[in-house]
Every structure is written in structure tokens, then in C-alpha cells.
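Before any comments, here is the structure.
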Amino acid sequence: MQITGIQLGSDNPKKLGEFYTKVFGKAGWQEGEWYGWIVDGGAIMVGPHSEVKGQNDCPGRIMLTLVDKDVPAILKKFENAGAKVVAKPYQPDEKNNPDVWLATAADPDGNYIQIATPWEE
């Protein structure tokens with residue numbers, strides 16, 4: 001089994017699509033209010049959903065996670081696109097895993113985006 005992407009429903013998909021366009025570049029696929037990007041092999045889709053209204057009132061339940069070696073730079077990219085910074089870069093376990101960094105931002109709908117350094121197995 002493989003997870004290949006995530007879909008974000010919105011009552012304002014145009015605004016959300018424009019936000020993610022600032023971060024990921026021009027959508028690889030767009031039709032009406034639907035936007036789609038392939039980001040390093042994973043897909044993110046944004047579109048309307050009749051059961052989604054307003055801001056996400058439980059944003060920690062499901063988070064979009066992006067992995068990059070430069071967590072501060074990616075967080076800044078989101079911030080420059082208009083994201084709210086929820087958690088500045090930090091080390092959750094500095095003593096045992098000094099190379100692990102995390103940061104969290106919120107998109108215009110209040111969905112959380114977690115930015116993490118790559119996992120080591």
C-alpha cells in the first residue's frame with residue numbers, strides 16, 4: 001500500500017489554490033476551482049467541497065507534512081505566501097536526535113502544514 005497524495009476541500013478553493021500556487025508554483029492541473037500539484041512524487045489537490053465551511057476548527061487532526069533539509073527556508077516560503085506561523089523551527093528531541101527539526105504553519109483555511117527534516121531509519 002502507498003499513500004500518494006492529499007486532497008484539501010475548501011469553501012474558498014480559489015483563495016486556497018492561489019496560496020498553494022505561491023508555494024509550489026503553477027498548478028500542474030487546473031480545472032475550474034480544482035487545482036493539483038505533484039510535489040516530489042506526491043500529489044496535493046485543492047477543490048470545493050459542499051461539507052466544508054470556513055476555517056478548519058480542528059487543524060491538528062490531519063496535517064500536510066513536507067520534508068526538506070532546510071526547515072527554516074521552507075517555513076519562510078509558506079510565510080511569504082501568507083501562511084500563519086504556528087510553530088517556529090524547533091528540535092523536538094535535541095539530545096537524542098539533534099538533526100531533527102520541525103516547524104508548523106497554517107494555510108488560509110487554517111489547515112496545518114508541518115515541515116520536517118528527512119527521517120533517518
inquiry  = touching a residue at least 60 places away in the same chain (Cβ under 8 Å) and in contact with a helix residue (DSSP H, G or I) (Cβ under 7 Å, 6 or more places away or on another chain): is that true of LYS22 in this structure?
reply    = yes
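So in segment 1-24, with the set limited to residues that are in a helix (DSSP H, G or I) and charged (D, E, K, R), which one is surrounded by the most Cβ atoms within 10 Å (Cβ to Cβ)?
Checking each candidate, the answer is GLU18.
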Over segment 25-50, the set of residues surrounded by fewer than 18 Cβ atoms within 10 Å (Cβ to Cβ) and either aromatic (Phe, Trp, Tyr) or part of a loop (DSSP other than H, G, I, E, B) (or both) is GLY25, LYS26, GLY28, TRP29, GLY32, GLU33, TRP34, ASP40, GLY41, HIS49, SER50
Expected output for segment 47-65 (first residue at pLDDT below 95, partner surrounded by fewer than 10 Cβ atoms within 10 Å (Cβ to Cβ), Cβ below 8 Å, 6+ apart or cross-chain) is none
Scan segment 24-37 and tell me whether some residue there is touching a Phe, Trp or Tyr at 6+ places or on another chain (Cβ under 6 Å), under 22 Å from ALA103 (Cα atoms) and of a type in the set (Gly, Ala, Ser).
no
For segment 86-121 the number of residues that are surrounded by fewer than 13 Cβ atoms within 10 Å (Cβ to Cβ) and touching a Leu at 6+ places or on another chain (Cβ under 7 Å) is 2
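The values are calculated or read from the model by the stated rules, or taken from the named source; none is laboratory data. Quantities reported herein were computed from a predicted structural model and do not represent experimental measurements. Positions of Cβ are generated from backbone atoms using ideal geometry, with glycine treated the same way; all protein chains shown enter the neighbour counts.
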